[in-house]
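Only one structure is covered here, and it is reproduced in the block below.
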Amino acid sequence: MQAKKKVFFKTFGCRTNIYDSQVMMSSMADYEVTENEAEADAIVINSCTVTNGADTHVRSYISGVEKSKSEAKLFLTGCGAHTKGESLLKEGRIHGVFGQSEKEKIDTLLKKEQPFYDPGDLNHIDDVIVDDFVGKSRAFIKIQEGCNFRCSYCIIPFVRGDARSMSEDKILEQIQRLALNGFGEFILTGTNVGSYGQDTKTSLAKLMKKMSQIRGVRRIRLGSVEPIQITDEFKEILGEPWMEKHMHIALQHTSPTMLKLMNRRNVYKQDRELFELLAEKGYAIGTDFITGHPGESEELWLEGMKNARELPITHLHAFTYSKRDGTPSATMKPEVNGKIAKKRLHEIQNLVNMKNYEFRKAVTGELEVLVESQKEGLYHGFDQYFNKIIIESKEDLVGNWVTMNDYSVKEEYNYAQL
């Protein structure tokens, strides 16, 4: 019997892509997954296109494979398939391009002899059930796809389509299977997670309550949520023991003028009230922030920083503005010099790093840690506030839940010896 050909998955970008890669792995029958790129007969690149940097990472990865003289056929999927797929195909650098909606047909696509471009359907809803995650201790659950927001800088609605929710029954069945397979932490992902249920007459809070009743579910974590999606109904579950004590609320900026330029739906004054409520309830709070968007004058930047100092932020996902052709921001003036945008990025990062350190020093009580990996004899995990902890232990802790009382607070992480 002939050995199955091997496929290596290279995943860029967000948690939704991690999930989509897992769907492809689960859908393969005629091929087997390898975690060793050098032995692959085919490489599937699950790409991200949220910034120019993301596109560059994908191109430089392809260049690296070419330089290694690999015989593997390259396939491109993910968001970059819609923006860069055709040009990479024309250049003869990849064998095939397919959109997210085609991922369940992966066996057929990998067998195609002729180069192909199959962008798929932006209205597709997944109905695959994933019951394992290769090399992971947390499970990612995709609950929705697409976005109805039209922020002026963002390309994502054009490559992921409008918001649509997965079937609640399928989501719950998936969680039941994963919980039986030993997973205890579930991360809800999607393009715009907080819009879950708007098209199916339910809500994120209702889904999370049902999830929490499944035996084996210990902690539920959310991807990024918009401030206006934290409804009164959602506020009622904030005290539940299964809620991870960390919320990621996407702001993008804290200057009211900048928020208008970005066509954002959030309002700084209300954002501040929401953040203060979450902090009162003991939450660590992450946010997204863009520096250097067109129109961000020094005055507006200083206003943004003043407001950011007032917010109880503990985690940050920030990047400099990246022009995406076809978005309203791409033609806005005046543009901000790249060096200034980078300087501002470092300013906001330094501020939030300091706030995170202060938060960790102020925490009292036990840390509930899920240990995820081992590197050079040390164990790495995250606590309920999504803060990193490094543990020295003679026992193998990977995949275990550990309750920590005794640990030291370092500048970038917490440290413990067991």
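Read the figures in this text as sums done on the coordinates, not as results from a lab. Note that the structure is predicted; figures quoted are calculated from it, not measured. Cβ placement follows ideal geometry from the backbone for every residue including glycine, while neighbour counts extend to all protein chains displayed.
Couple of notes before you dig in:
- Cα centroid separation, segment 143-164 to segment 348-362 (Å): 31
- The chain, dipole about Cα centre (Lys/Arg Cβ +1, Asp/Glu Cβ -1), debye to the nearest 20: 720
- Projecting the Cα positions of GLY184, SER167, ALA279 onto the charge dipole of the chain (unit charges on Cβ atoms of Lys, Arg, Asp and Glu, taken about the Cα centre) puts ALA279 furthest along the positive direction.
- Note on ASN263/THR56: beta-carbon distance plugged into 1/(1 + (r/R0)^6) with R0 of 22 Å gives a FRET efficiency of 0.25.
- Helix-only CD estimate at 222 nm, as mean residue ellipticity for the chain, using -39500 (n - 2.57) per DSSP H run (n ≥ 4): -9500 deg cm²/dmol
- Computed about the Cα centre, the dipole magnitude for segment 308-418 is approximately 900 debye when only Lys and Arg (+1) and Asp and Glu (-1) carry charge, each at its Cβ.
- Here segment 248-362 is treated with +1 on each Lys and Arg Cβ and -1 on each Asp and Glu Cβ, and its dipole about the Cα centre works out to around 200 debye.
- Here, the chain is characterised by an Rg to Rh ratio of 0.96, where Rg is the alpha-carbon radius of gyration and Rh the Kirkwood radius.
- Projecting the Cα atoms of GLN144, ALA330, ILE249 onto the dipole axis of the chain, where Lys and Arg carry +1 and Asp and Glu carry -1 at the beta carbon, places ALA330 farthest toward the positive end.
- Within a Gaussian network of the chain (alpha carbon springs, distance under 10 Å), most fluctuating of VAL363, VAL58, VAL402: VAL363
- Under DSSP loop assignment and at most 16 Cβ neighbours within 10 Å, longest trypsin sites (Lys or Arg not before Pro)-free interval of the chain: 324-393
- Cross-link pairs exceeding 23 Å in C-alpha to C-alpha distance, out of LYS84/LYS388; LYS73/LYS323; LYS4/LYS73; LYS306/LYS343; LYS10/LYS105, comprise LYS84/LYS388; LYS73/LYS323.
- Of the GluC sites (Glu not before Pro) in segment 1-86, those whose Cβ has at most 13 other Cβ within 10 Å and which sit in DSSP loop: GLU35, GLU71
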